[in-house]
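Inspection log for the structure reproduced underneath, given as structure tokens.
The values are calculated or read from the model by the stated rules, or taken from the named source; none is laboratory data. Here the structure is a predicted model, which means the values were calculated and not measured. FYI the Cβ positions are ideal-geometry reconstructions off the backbone, even for glycines, and counts take in every protein chain you see.
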Ligand code: NAP
């Protein structure tokens with residue numbers, strides 16, 4: 001059986017997901033594409049030899065008969081409309097992060113999905129499918145380091161484009177940490193404080209770069225996070241969990257150790273696409289397989305909503321300098337899914 005997918009947005013990640021669905025993964029065919037830049041949609045369809053209709057807009061694509069499932073990889077501000085339309089059409093939808101650009105928007109999606117009565121939405125939080133994060137989680141869950149007490153993390157990008165706004169370091173970049181740490185610790189956030197260190201002279205003047213984010217979870221774990229989006233030296237994701245009897249750290253990506261010219265060195269990655277390339281493959285294969293089975297068990301709309309609530313609190317904390325409470329509504333039973341087990345199975 002083949003899952004017939006319609007893709008909305010053929011920019012960087014849309015094109016990359018089309019590449020993996022057509023050249024790497026099994027069980028899916030891209031049968032429809034659309035982009036506000038129609039010429040680009042056509043060009044991507046040609047590049048990958050797709051037998052796909054090029055639609056004028058996302059809503060027509062969602063309603064198209066030949067589309068079994070929708071992939072939303074357009075600009076973040078368009079996600080809510082396309083996800084809501086997919087739910088209204090009763091079609092499974094994989095939506096790249098963010099689920100919506102505000103917590104209110106995510107809440108509308110959660111409510112629409114619950115009213116529909118079946119989970120249809122998966123959010124593109126691919127780190128849950130990364131082998132390093134999986135091993136980290138399995139080690140924490142085994143109890144070998146006792147209860148987690150402190151989590152240190154860093155999200156560093158070489159640089160960001162000119163259109164990158166001040167809020168994006170939280171809502172676009174740190175949002176991955178906001179999702180993956182809830183999952184890693186099986187916990188929710190209760191407060192956040194954001195501190196601005198000296199600004200890097202190599203960052204845009206409109207940015208607060210770097211930023212330090214201090215969070216507390218319901219179980220009392222303290223998170224100490226660094227966001228540095230113009231670090232210049234590489235794309236570097238760090239995570240270390242300090243427990244009662246030991247410390248576990250996210251493994252570094254595999255890299256050859258070189259001895260040359262009186263130096264011992266390891267190359268660092270510079271592109272997010274390379275850092276998580278395997279995680280994206282596993283994530284989408286799992287989505288295709290689960291959707292064909294009529295299931296939905298990856299990161300849910302509730303996870304997208306939770307990350308958005310935390311992101312809003314981070315922005316308020318950054319602007320006020322205060323410790324801001326994070327009030328997460330109680331998770332409805334509708335969303336008590338087994339997504340973490342599913343991610344583990346997908347990797348095995
Ligand atoms: P991008 O290169 O700008 O691609 C977005 C594409 O969507 C562009 O071609 C854009 O056209 C198009 N678009 C905008 N509005 C549209 C609409 N109403 N209907 C159809 N197409 C529309 O951006 P990207 O880097 O691929 O990011 C896309 C989304 O994926 C973002 O939400 C981003 O946060 C997310 N993302 C996730 C990850 C991850 O690690 N999971 C990584 C990268 C990106 P124009 O360029 O003409 O506006």
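The residues in region 138-155 that are crowded, with 17+ Cβ neighbours inside 10 Å and either closer than 9 Å to residue 224 by Cα or at pLDDT below 95 (or both) can be counted, and the count is 3.
For region 216-234, the count of residues that are surrounded by 14 or more Cβ atoms within 10 Å (Cβ to Cβ), modelled with pLDDT of 95 or more and farther than 29 Å from residue 148 by Cα is nonzero. Here residue 250 clears all of (1) under 22 Å from residue 132 (Cα atoms); (2) surrounded by 20 or more Cβ atoms within 10 Å (Cβ to Cβ); (3) touching a helix residue (DSSP H, G or I) at 6+ places or on another chain (Cβ under 6 Å) except the condition numbered (2). Do we find that residue 165 is farther than 18 Å from residue 296 by Cβ, touching a residue at least 12 places away in the same chain (Cβ under 8 Å) and in a helix (DSSP H, G or I) in this structure? No. Every residue in region 45-66 that is touching a helix residue (DSSP H, G or I) at 6+ places or on another chain (Cβ under 6 Å) and crowded, with 23+ Cβ neighbours inside 10 Å, please. Scanning region 45-66 gives 52, 58, 62. Kindly evaluate residue 39 against the criterion of being within 11 Å of the ligand (Cβ to nearest atom), part of a helix (DSSP H, G or I), at pLDDT below 95 and surrounded by fewer than 16 Cβ atoms within 10 Å (Cβ to Cβ). Criteria not met by residue 39. Within region 106-152, the set of residues being more than 16 Å from the ligand (Cβ to nearest atom), outside any helix (DSSP H, G or I) and touching a strand residue (DSSP E or B) at 6+ places or on another chain (Cβ under 7 Å) comprises 120, 145, 146, 147, 148, 149, 150, 151, 152.
Determine if region 1-9 includes at least one residue that is away from the ligand (no atom under 14 Å from the Cβ), farther than 25 Å from residue 113 by Cα, in contact (Cβ under 8 Å) with a residue 60 or more places away in the chain and assigned to a loop (DSSP other than H, G, I, E, B). Steps first, please.
Within region 1-9, the subset away from the ligand (no atom under 14 Å from the Cβ) is 1-5.
From the residues that got through so far, the ones that are farther than 25 Å from residue 113 by Cα too are 1.
With the extra rule that they be in contact (Cβ under 8 Å) with a residue 60 or more places away in the chain, the set shrinks to 1.
Filter once more, keeping what is assigned to a loop (DSSP other than H, G, I, E, B): 1.
Yes, region 1-9 contains a residue that is away from the ligand (no atom under 14 Å from the Cβ), farther than 25 Å from residue 113 by Cα, in contact (Cβ under 8 Å) with a residue 60 or more places away in the chain and assigned to a loop (DSSP other than H, G, I, E, B).
Mind counting the residues in region 288-309 that are within 12 Å of residue 125 (Cα to Cα) and in contact with a strand residue (DSSP E or B) (Cβ under 7 Å, 6 or more places away or on another chain)? Residues in region 288-309 being within 12 Å of residue 125 (Cα to Cα) and in contact with a strand residue (DSSP E or B) (Cβ under 7 Å, 6 or more places away or on another chain): 6 in total.
If the condition is being away from the ligand (no atom under 15 Å from the Cβ), closer than 24 Å to residue 294 by Cα and part of a helix (DSSP H, G or I), then region 44-100 contributes 87, 88. I'd like to know if region 22-29 contains one or more residues that are within 16 Å of the ligand (Cβ to nearest atom) and in contact with a strand residue (DSSP E or B) (Cβ under 9 Å, 6 or more places away or on another chain). For region 22-29, residues within 16 Å of the ligand (Cβ to nearest atom) and in contact with a strand residue (DSSP E or B) (Cβ under 9 Å, 6 or more places away or on another chain): absent. Of all residues assigned to region 327-336, none qualifies as being under 17 Å from residue 183 (Cα atoms), crowded, with 22+ Cβ neighbours inside 10 Å and either away from the ligand (no atom under 16 Å from the Cβ) or modelled with pLDDT of 95 or more (or both). In region 267-283, the residue that is surrounded by the fewest Cβ atoms within 10 Å (Cβ to Cβ) out of those that are within 11 Å of the ligand (Cβ to nearest atom) and touching a residue at least 60 places away in the same chain (Cβ under 8 Å) is 273. Looking at 135, 171, 241, 180, just one residue is within 30 Å of residue 285 (Cβ to Cβ), buried (at least 21 other Cβ atoms within 10 Å of the Cβ), touching a residue at least 24 places away in the same chain (Cβ under 8 Å) and over 17 Å from the mean Cα position of the chain (by Cα), and that residue is 241.
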